[in-house]
Amino acid sequence: MTEYSQQNAPKKGLIVSPIENGTVIDHLTPGKAIKIADMLGLMQGAVVIIGQNLKSTKYGKKDIIKVENRFLTEDECSKIALIAPHATVNIIRDSALYEKRNVEIPDTVEDVALCSNANCITNKEKVPTRLFAQNKSPLVLVCHYCGFEIKGDDLKLKG
């Protein structure tokens, strides 16, 4: 039986390579990175690195998205909060952290998520959805048109 030593140990290092300029979306709920990348349209034209089920000292496991040469808006950060409320958005410039933002669930969510009520006008006609945050933790949204409550786990995004 071979004794396991430091010589045989895997080298410590980055699993996901760093970027020079762009955005790092960190501390995503495991399994949510692809959904967020699709929602924000990150896959169209940009270099995108997605890591899933990575080790996190804070949450156990996490997903991460790195997007080169793209900087997210506050509105995009609010959309991320609907899916991953503990996420952080890091702006990288010249390979250094330039700005760090915690995402926040907006009071009003317009034309991003669907109302779960099949009889809602937004599901029958071309009317943009408008949901109000009744509670942010746990997430409960209420439809402006029909009053239907949507819990965070039941939230379906447009597109």
Out of GLU110, GLU125, sole residue that is in contact with a Lys or Arg (Cβ under 6 Å, 6 or more places away or on another chain) and of a type in the set (D, E, K, R): GLU110
Counted residues, the range 18-34 - those being assigned to a loop (DSSP other than H, G, I, E, B), among the small types (Gly, Ala, Ser) and in contact (Cβ under 8 Å) with a residue 40 or more places away in the chain: 0
Enumeration of residues in the range 113-122 that are free of Cβ contacts under 8 Å to residues at least 40 places away in the same chain, of a type outside the set (A, V, I, L, M, F, W, C) and either exposed (fewer than 15 other Cβ atoms within 10 Å of the Cβ) or touching a Lys or Arg at 6+ places or on another chain (Cβ under 9 Å) (or both): ASN119, THR122
Qualifying position, being β-branched (Val, Ile, Thr) and buried (at least 20 other Cβ atoms within 10 Å of the Cβ), among ILE83, ILE34: ILE83
Residue count for the range 118-147, restricted to those that are over 22 Å from LYS35 (Cβ atoms) and more than 22 Å from the chain's Cα centre (by Cα): 12
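Residues are listed down the side, and each one gets a yes or a no for (1) of a type in the set (A, V, I, L, M); (2) at positive phi; (3) crowded, with 18+ Cβ neighbours inside 10 Å; (4) out of contact with any strand residue (DSSP E or B) (no Cβ under 8 Å at 6 or more places or on another chain):
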{"position": "ALA96", "(1), (2), (3), (4)": "yes, no, no, yes"}
{"position": "ILE105", "(1), (2), (3), (4)": "yes, no, yes, no"}
{"position": "THR129", "(1), (2), (3), (4)": "no, no, yes, no"}
{"position": "VAL142", "(1), (2), (3), (4)": "yes, no, no, no"}
Members of the range 40-62 that are within 21 Å of LYS158 (Cα to Cα) and in contact with an Asp or Glu (Cβ under 9 Å, 6 or more places away or on another chain): LEU40
Flag if ILE50 is free of Cβ contacts under 8 Å to residues at least 60 places away in the same chain and touching a Leu at 6+ places or on another chain (Cβ under 8 Å): no
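Strands (runs of 3 or more DSSP E) wholly in the range 35-145 with at least 3 residues that are under 24 Å from GLU20 (Cβ atoms) - which ones? Full working, then the answer.
Working: elements: 48-56, 60-68, 88-93, 96-102, 108-110, 130-136, 139-143.
In the range 35-145, 48-56, 60-68, 88-93, 96-102 are the strands (runs of 3 or more DSSP E) which contain 3 or more residues that are under 24 Å from GLU20 (Cβ atoms).
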Subset of the range 53-80 that is surrounded by 12 or more Cβ atoms within 10 Å (Cβ to Cβ) and small (Gly, Ala, Ser) - its residue that is nearest to SER137 (Cα to Cα): SER78
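Every read-out reported here was derived from the displayed coordinates using simple, explicitly stated rules and does not represent laboratory data. The structure displayed is predicted, hence computed values, not measured ones. Cβ sites come from the backbone with ideal geometry, for glycine too, and all protein chains shown count toward neighbours.
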